[in-house]
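Undergrad: Before I ask anything, let me first share the structure, which is written out below as structure tokens.
The values are calculated or read from the model by the stated rules, or taken from the named source; none is laboratory data. Please read all numbers here as calculations on a predicted model, not as lab measurements. Cβ placement follows ideal geometry from the backbone for every residue including glycine, while neighbour counts extend to all protein chains displayed. Each accessible area value is taken on the protein alone, full model and side chains, heavy atoms only, with ligands, DNA and RNA left out. Shrake-Rupley method; radii C 1.70, N 1.55, O 1.52, S 1.80 Å.
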Amino acid sequence: MLTKPDILCIGSVLWDIIGRAPQHMLIGADVPGRITRVPGGVAMNIAMTFARFGLRPGVLTAVGRDPQGVELIAAAERMGVDCAHAYLSDDLPTDRYMAVEGANGLIAAIADAHSLEAAGDKILRPLADGRLGSVHHPWAGPVALDGNLTTALLADIALSPLFARARLCVAPASPGKAERLVPLLAHPGATLYLNLEEAGILCQSPFATARDAAAGLLARGAARVLVTDGGRAAADGLAGGDILCEAPPPVMVTRVTGAGDTFMAAHIVAERAGAPRDAALSRALAAAARHVSGDIAT
């Protein structure tokens, strides 16, 4: 029998194709740099961080049976990510993400996650057919959800008995997909992980600080939110409780893609280990800082 994962990551698993240049860049810039291709996607980034912390994460996603998909699954498994329950498609290509980063941060990015969207609820079959759970015995553990899932599927998850006992940890994937999380905004068992821009989009109102954003999200009915703001103070807001704020440690930024995913995963790991809210926030910020500095050590 297969060993069940410690935690599930549901969403995008794809190839990240990242071009990085050491200097500031403007739109239309043509500069020398490095181009890499590594396993990525929000669900995959979170899962890889879990694996580095010694957990056994499993991914529920859609991957093509094309050569890129075979290579991606093999790379993920080598990193300690359980892909046994991923939906493998004969007719959908493996998804990709392409970004350009300069010394001044992310310049532009395109996410081609159409196969994940097309697969729909097929990726959730292991939660219903007994492999990981069922309606009568739902998965009882943490679940990291990402906003690359369609609005309809996220709305179904918000009401589904398959998630009745799960602790939902939700990230929007990108500002352009933040509005997809509306069905989960007031879910009593959901913790939302957002950056300042995503929080503003979800509340349809801009915020000056992470504290302001956390307060705005709680006022909209969120049970718990964590809001980051780059190198400025992040916030952890709890319904009926206080809002904690802390600035991340200052580091030299060498990459930005995946920083939010690393923050989320490190925070979940810290709380899973019993850390109080302030300590969990500190650990998550430290992990994200190590990521953007280029040091992925745990």
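Undergrad: Please list, in order along the stretch 29-46, the HN-Hα scalar couplings obtained from phi with the Karplus expression 6.51 cos²θ - 1.76 cosθ + 1.60 (θ = phi - 60°), rounded to whole Hz, x for Gly and Pro.
TA: Result, ordered by residue: 5, 10, 9, x, x, 10, 10, 10, 10, 9, x, x, x, 4, 4, 5, 4, 5 Hz.
Undergrad: Moving on. Count neighbours as other Cβ atoms within 10 Å of each site's Cβ, and list the trypsin sites (Lys or Arg not before Pro) in the stretch 113-217 that are DSSP loop with at most 14 such neighbours.
TA: Answer by residue number: Arg131, Arg165.
Undergrad: Return the long-range amide H neighbours of Ser89 (sequence gap of 5 or more, or a different chain), with a cut-off of under 5 Å between placed amide H atoms.
TA: Under 5 Å from the amide H of Ser89 lie the amide H atoms of Val63, Gly64, Arg65, each far enough along the sequence or on another chain.
Undergrad: A follow-up question, please. Rounded to the nearest 20 Debye, what is the dipole magnitude of the chain about its Cα centre when Lys and Arg each give +1 and Asp and Glu each give -1 at the C-beta?
TA: Computed about the Cα centre, the dipole is about 560 debye.
Undergrad: Still on this structure, I have one more. Need the C-alpha centroid separation for the stretch 195-221 versus the stretch 78-122, integer Å.
TA: Centre-to-centre (Cα) distance: 27 Å.
Undergrad: Considering the chain as a Gaussian network with a 10 Å cut-off on Cα pairs, which listed residue, Asp30, Asp90, Asp66, attains the greatest mean-square fluctuation?
TA: Among Asp30, Asp90, Asp66, the largest mean-square fluctuation in the Gaussian network model of the chain belongs to Asp30.
Undergrad: Further, regarding this structure: Through the Karplus equation 6.51 cos²θ - 1.76 cosθ + 1.60, θ set to phi - 60°, convert the phi angles of the stretch 266-272 into ³J(HN,Hα) values in whole Hz; use x for Gly and Pro.
TA: Here the 3J(HN,Hα) series is 5, 5, 4, 4, 4, 6, 4 Hz.
Undergrad: In addition: Would you compute, from DSSP H runs of 4+ residues alone, the mean residue ellipticity of the chain at 222 nm, taking -39500 (n - 2.57) per run and dividing by the full residue count, rounded to the nearest 500?
TA: -9000 deg cm²/dmol
Undergrad: Under the rule of at least 5 residues apart or a separate chain, name every residue whose amide H is placed under 5 Å from the amide H of Leu60.
TA: Cys9, Ile10, Gly11
Undergrad: Could you give each residue of the stretch 257-265 its phi-based ³J(HN,Hα) in whole Hz, using Karplus coefficients 6.51, -1.76, 1.60 with θ = phi - 60°, and x for Gly or Pro?
TA: 4, x, 5, x, 5, 5, 4, 4, 5
Undergrad: Can you tell me, using C-alpha contacts under 8 Å and at least 6 residues apart, the relative contact order of the chain as a whole percent?
TA: Relative contact order, the chain: 14 percent.
Undergrad: Pick from Leu159, Leu194, Leu238 the residue whose mean-square fluctuation is largest in a GNM of the chain, springs joining Cα atoms under 10 Å.
TA: Ranking Leu159, Leu194, Leu238 by mean-square fluctuation puts Leu159 first.
Undergrad: Normalised by the residues of the stretch 136-229, what does the relative contact order come to in percent, with Cα pairs under 8 Å and at least six apart?
TA: It rounds to 25 percent for the stretch 136-229.
Undergrad: For the stretch 87-138, give the magnitude of the charge dipole about the Cα centre (Cβ charges: +1 Lys/Arg, -1 Asp/Glu; no others), in debye to the nearest 20.
TA: Charge dipole, the stretch 87-138, about its Cα centre: 200 debye, nearest 20.
Undergrad: Just to confirm, what accessible area per residue do you get for the chain at 1.4 Å probe, in whole Å²?
TA: Accessible area per residue: 44 Å².
Undergrad: Which of His114, His137, His24 moves most in a GNM of the chain, Cα contacts under 10 Å?
TA: His24
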